[in-house]
Amino acid sequence: MDFNNLEKLCASLIILFILLGFSNSVAAETGTDQVAWIQENDSSLKFTFLEANIHVTIKNNNDHVEYFKISQQYTGDGTVSPSIDWRVVSTNPPAVKMAKFINSGGDLGWAIAPGETREVSFTLVETNPPPPFYIRREAINNSFWPIINEPGLTATWFLPNEIEYLNPNLDLQLWKGRFCFFLKNMDTTGPRVEGIVRAPIVPIDSNLTASSPTVDFIDNENPSANTAAWDVTLYRVKQSTIPTHINGLAVRV
């Protein structure tokens, strides 16, 4: 290889490295909050209370009656430990018991005629016995050494596209939800624990309208659903239960 070809090769490699560095920096900027989730053994923070107040406007686009149905149990894909058992506190208009159910206590729902648009509201409260539970995220084995991230907890007991996935004939036109959960510090060995706690992931195209306490940031891991996030510090058990209220709004056009 002559000197001129060697110079050209070196120049090409320099340009390639510059382009690779630029593309990596762009990927880092556009990949905000895209962190790897590591399988954990347990959690220092656990949920002791969950409540959901949901109001939907939903249309039946099919040519026959469809039922909009709510269940009283949520087992997910094994990420909830133990499962969430919901108690339906109220429904408006009054819901009726469904012919088939996945929960031994029966499931409730509303008939929606072909082309009809209905508004329904319901309130759910989880009724799990102690001990408190936490919600796992899909994660990978810890093959990294020795540094891992701290993605914190995510209360994912509602999926972003749950309604569309289960029955695409039902068009979710409006969704309003208010979620309340309590967290408890289960650790007794130190003065405090810290980490990120995220709100329930709500339907696609949802916007956070209010929160108490005020969120520290909006997690954009699901860019079409505003996920509220708090950087929390919880002290020992006797001081560690805090209420968190979240309001969400989804509008479909």
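Structural remarks
- Mean Cα-pair separation over length for the range 45-251, i.e. relative contact order, pairs under 8 Å, 6 or more apart, %: 26
- Ordered by the count of other Cβ atoms within 10 Å of each Cβ, fewest first, I147, I140 give I147, I140.
- Per-residue packing, averaged as other Cβ atoms within 10 Å, sorts the ranges 206-212, 94-100 into the order 206-212, 94-100, beginning with the highest.
- Note on the range 118-187: semi-axes of the ellipsoid equivalent to its C-alpha gyration tensor, largest first and rounded to whole Å, are 32, 20, 10.
- Check: the range 93-179 dipole with +1 on Lys, Arg Cβ and -1 on Asp, Glu Cβ, in debye: 200
- Size of electric dipole in the range 45-251: Cβ of Lys, Arg +1 and of Asp, Glu -1, about Cα centre, debye, nearest 20: 700
- Evaluated at q = 0.15, 0.16, 0.17, 0.18 Å⁻¹, the base-10 log of the normalised Debye intensity for the range 45-251, with identical point scatterers placed on the Cα atoms, takes the values -1.01, -1.13, -1.25, -1.38.
- When the GluC sites (Glu not before Pro) in the range 111-217 are filtered for DSSP coil states and for at most 10 other beta-carbon atoms within 10 Å of their beta-carbon, the remaining sites are E138.
- Each peptide among 105-114, 221-230 gets the average number of other Cβ atoms lying within 10 Å of its residues, and from highest to lowest they stand as 221-230, 105-114.
Taken together, the values in this text are just the output of simple stated rules run on the coordinates, not laboratory data. Every value quoted in this text rests on a predicted model; they were computed, and no experiment measured them. All Cβ positions, even for glycine, are placed from backbone atoms using ideal geometry, and neighbour counts span all protein chains on display.
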